[in-house]
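Accompanying notes for the structure given below.
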Amino acid sequence: MAEDVKKIVDTCKICKENQFKPAENHPAKFLKVSGIFDRIGIDLVLGLPETPEGYIGILVIVEYFTKYPYAVPIKSKTANEIAEQLWQYFCLFGPAKEILSDQGTEFVNEVVDSMINRIGSRHVVTSPYHPRTNGQCERFNKEIVSCLRKLVSDNPTDWTVWLNFALLAYRTRIHSVTKFSPIELMFGKKPNGFENWKDVSTESLEENILSKAKELQVKMSNDRTKALTNIEKGKDKQVKSQNKNQKVRYDKLKPGTKVYVTIDGIHNKLSPKYRGPFTIVECTKNDNYVLKNVLGEILKDSYPLNKLKIVNEADNDEAEVIDKKFYKFEKILDHRKVKNGYEYLIEWKKGNHTWEPTKNILDKKVIESYWSKIGKIPKKRGRKPKNHINFSGIINIIITLPIMI
């Protein structure tokens, strides 16, 4: 009897969607960089108080070798504004070989992609909800926000006034990994201090400009070689620390393995934690997994191991649970209360409509998106829920049905 109970629990779809399982990770990997502007990371800092000039956030760009940060205030995260600011950066420093960003539409769009392709750079995007891949930017974001919070405590809307001051402080501080300041590695010399330079003669510098240039060239070469050595040492320490602080799985998941995907972002606390099932197609060179749904369609995004909940090996063949027949429809049009919950009015591809119970909808995230879109949350026992953020757009949904429509 105990085995029967365990089998029922193991094949319970509701359990798989809601039962928490500690995340696993493959061994940490270090994004190798061997020279200046081999790679830059770009990201946005949002959620700042709007300034009188209309600025709402910061575009952050970090050069991976020198750790040199660049940041400018932005009034929106439209493709045109982001592309314009990126172009200003490339005009100052030249194009980077590789540009790393998340999958936000402010970075992944025709305008930005067209510009990046024209300058010859390679655009690499991180997995969804996996910010540590672009760790350089994430760490700097925390630093700059922490610094600004202290500087503008009396007047939070003045953060643009103090942004460059905060940047100067970060650029001139010795970095824990390279053992050099970012500004020294970027430009080959330490910046002038805030001293009295009025009475300092510049004749000797003008007379010996060639020798100073050679001296600067040698210093930059030596410093960057030392920095690269320090980065390699720091890499090993970082990888060991990261592996120590997480549950590591060394073997790769095999194609055909059934998994559920973590539902990230803002959602109802009583909503499922996972969606699925999906089937692993392959593992990429960066240890992300390509998945397909029950209709055999390949998902657009690939996912790291820590976003996957692995179905028990024993019930891989029973992951679909309800039925082997799956159908796709256009969208949810309406809902109605019934004795055991809700039914949803489904619009099919051919234009016909049917009412379907919640249990027939495979991806519960779509139901949540429907409630968010209409600005409500299904009523449950307890305190009155708050409205969630509205979403827009038509979503294709996979559902299970016991009969053909």
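Quick look at the numbers
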item: Dipole moment magnitude, nearest 20 debye, the stretch 116-198 about Cα centre, only Lys, Arg, Asp, Glu C-beta charged; result: 320
item: Difference of contour (0.36 nm per residue) and Cα-Cα distance, Phe326 to His123; result: 69.5 nm
item: Modelled label reach - Asn192, point 7 Å along Cα→Cβ, the stretch 168-183 residues with backbone N closer than 18 Å; result: 168-169, 172, 183
item: Entries in Lys32/Lys67; Lys233/Lys307; Lys142/Lys309; Lys285/Lys365; Lys237/Lys285 that, when Cα-Cα distance is taken, lie over 20 Å; result: Lys233/Lys307; Lys142/Lys309; Lys285/Lys365; Lys237/Lys285
item: For Lys364, net neighbour charge (Lys/Arg +1, Asp/Glu -1) across residues whose Cβ lies under 12 Å away; result: +3
item: Residue pairs, from the table Lys252/Lys364; Lys292/Lys328; Lys13/Lys252; Lys247/Lys292, whose Cα atoms sit over 20 Å apart; result: Lys252/Lys364; Lys13/Lys252; Lys247/Lys292
item: For the stretch 249-260, Karplus couplings with θ = phi - 60° (6.51, -1.76, 1.60), whole Hz, Gly/Pro x; result: 10, 8, 8, 7, 6, 7, x, x, 5, 8, 9, 10
item: Paired Rg and Dmax values of the stretch 91-174, which use every Cα atom, in angstrom; result: 15.8, 45
item: Other-chain or far-sequence residues with amide H under 5 Å of Glu282's (modelled H); result: Val290
item: For Ile40, Ile183, order by how many other beta-carbon atoms lie within 10 Å, fewest first; result: Ile183, Ile40
item: Contour minus Cα-Cα distance for Asp38 and Arg173 (0.36 nm per residue); result: 46.4 nm
item: For the stretch 40-50, 3J(HN,Hα) per residue [Karplus equation, 6.51 cos²θ - 1.76 cosθ + 1.60, θ = phi - 60°, Hz, x = Gly/Pro]; result: 10, x, 10, 7, 10, 10, 10, x, 7, x, 5
item: Burial ranking of peptide ranges 103-115, 333-345 (average Cβ count within 10 Å, highest at the top); result: 103-115, 333-345
item: Inter-label distance for Lys247 and Ile14, nm, one decimal - labels placed 7 Å from Cα along Cα-to-Cβ; result: 2.4
item: Amide H within-cut-off set for Asn25, under 5 Å, with H built and near neighbours excluded; result: Lys247, Val248, Arg249
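The numbers here are math on the coordinates, done by the rules we state, and not lab data. It should be emphasised that the depicted structure is a prediction, and the values quoted were computed from it without experimental measurement. So basically every Cβ, Gly included, is an ideal-geometry build from the backbone, and we count neighbours across all protein chains shown.
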